[in-house]
1. Please determine, by comparing only the residues of region 227-264 that are out of contact with any helix residue (DSSP H, G or I) (no Cβ under 9 Å at 6 or more places or on another chain) and acidic (Asp, Glu), which one is nearest to ARG175 (Cα to Cα).
2. Taking the condition surrounded by 21 or more Cβ atoms within 10 Å (Cβ to Cβ), of a type in the set (A, V, I, L, M, F, W, C) and either at pLDDT 95 or above or under 20 Å from THR201 (Cα atoms) (or both), does VAL130 pass?
3. Pairs only if they're at least six apart or on different chains, beta carbon under 8 angstrom, first in region 275-289 and under 20 Å from ASP227 (Cα atoms), second surrounded by 13 or more Cβ atoms within 10 Å (Cβ to Cβ) and small (Gly, Ala, Ser); list them, first residue then second.
4. Given region 213-306, what helices (runs of 4 or more DSSP H) lie entirely inside it while holding 2 or more residues that are over 25 Å from ILE19 (Cβ atoms) and modelled with pLDDT of 95 or more?
5. Just need a number here: residues in region 133-179 that are crowded, with 20+ Cβ neighbours inside 10 Å and at positive phi.
6. Among the residues of region 146-194, what is the count of those that are touching a His at 6+ places or on another chain (Cβ under 9 Å) and in a loop (DSSP other than H, G, I, E, B)?
7. Among the β-branched types (Val, Ile, Thr), touching a residue at least 12 places away in the same chain (Cβ under 8 Å) and crowded, with 18+ Cβ neighbours inside 10 Å, is that true of THR210?
8. For region 28-56, name all the residues that are of a type in the set (Val, Ile, Thr) and not in a helix (DSSP H, G or I).
Amino acid sequence: MRRSGVTDRQPAGPRSVVITGASRGLGLASATHLYRRGWRVVAAMRSVDAGMARLAETTGAAADDPRLIPVALDLTDAASITAAAKEIEGSVGAPYAVVHNAGISAAGMVEETPLSLWEQMFATTVFGPVALTRELLPGMRRAGRGRIVLVSSQQGVWGMPSTAPYSAAKGALERWAEAMAGEVNPFGIGVTVLVTGVYDTEIITDAGTTDCRDLQGVYARHHRTMDKRGRAAVAKAARPPEKFALALSKALDNPQPFVKRPAGPSARMLMIANRILPPATLHQMIRLSLGLPRFGRLTTREDTHA
């Protein structure tokens, strides 16, 4: 008996999943977890040698293990995306699932972040994933089953100061997911948005973030307060990436046509607040939590003096 909107066609043998950004962080934890659960994992990454060394260590897989397939992928390079799609289809055919996890992090106010950073952010988070999906969708559509998972963030729920490029790109990712779901659901392909909270990965560290902040400029007061409070919050709230891998595993088994759900308590709280509070109220709550000055507090004279 088949539930409405859910295909009963299942792939023969282990299900295959493509995970972008599989060389570290959430992608590494997810690839490791799904491999251990019996999935055939296509690990897409820019640095294949380094990434596969990490995966071999975490999974214990042999170099020629047919369930762990490395694919070189640079989401900012159109030729790399096309080549990766051909390699994926040559290795596993139409993948059962595609997980768009790869991403970059940046800190800085809108005035401080160059347009080149915005372009790189959208290329990595939106344009590259769209291009890869376009390459893989025909095969998935013909197979009549599968799932596309887009990894968003709580910054995609509500734009956060000093992360405008990241927040904007994650928001665009979510709107793309919502639109695409209506297009591909009739062909048996589900879409999931996983909204992540804070996880203990390199992307939240100084080393993993492109820092565009001018700590002596007109936003210096913002940065001092936000940096202090942000570090304290991360130290308290950051969860191990293995927790995300569990959430992803459940998402891949979810048969619903479209799902948007949090992966972590901080994301869950923000999603609830965004649903029930007026935007002006949520804006003020976030301002107060970050210790930012009230409306009109910083005058032109103070701006010039800074």
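1. Here the residue is ASP253.
2. no
3. If the second residue must be surrounded by 13 or more Cβ atoms within 10 Å (Cβ to Cβ) and small (Gly, Ala, Ser), the pairs left are MET285/ALA273.
4. Output list reads 265-276, 279-290.
5. 2
6. The qualifying residues number 3.
7. no
8. If the condition is that a residue be of a type in the set (Val, Ile, Thr) and not in a helix (DSSP H, G or I), then VAL41, VAL42 are the ones that fit.
The values are calculated or read from the model by the stated rules, or taken from the named source; none is laboratory data. In this text, all values refer to a predicted model and were calculated from it rather than measured experimentally. Please note: Cβ atoms are built from the backbone with ideal geometry, for glycine as well, and neighbour counts cover all protein chains shown.
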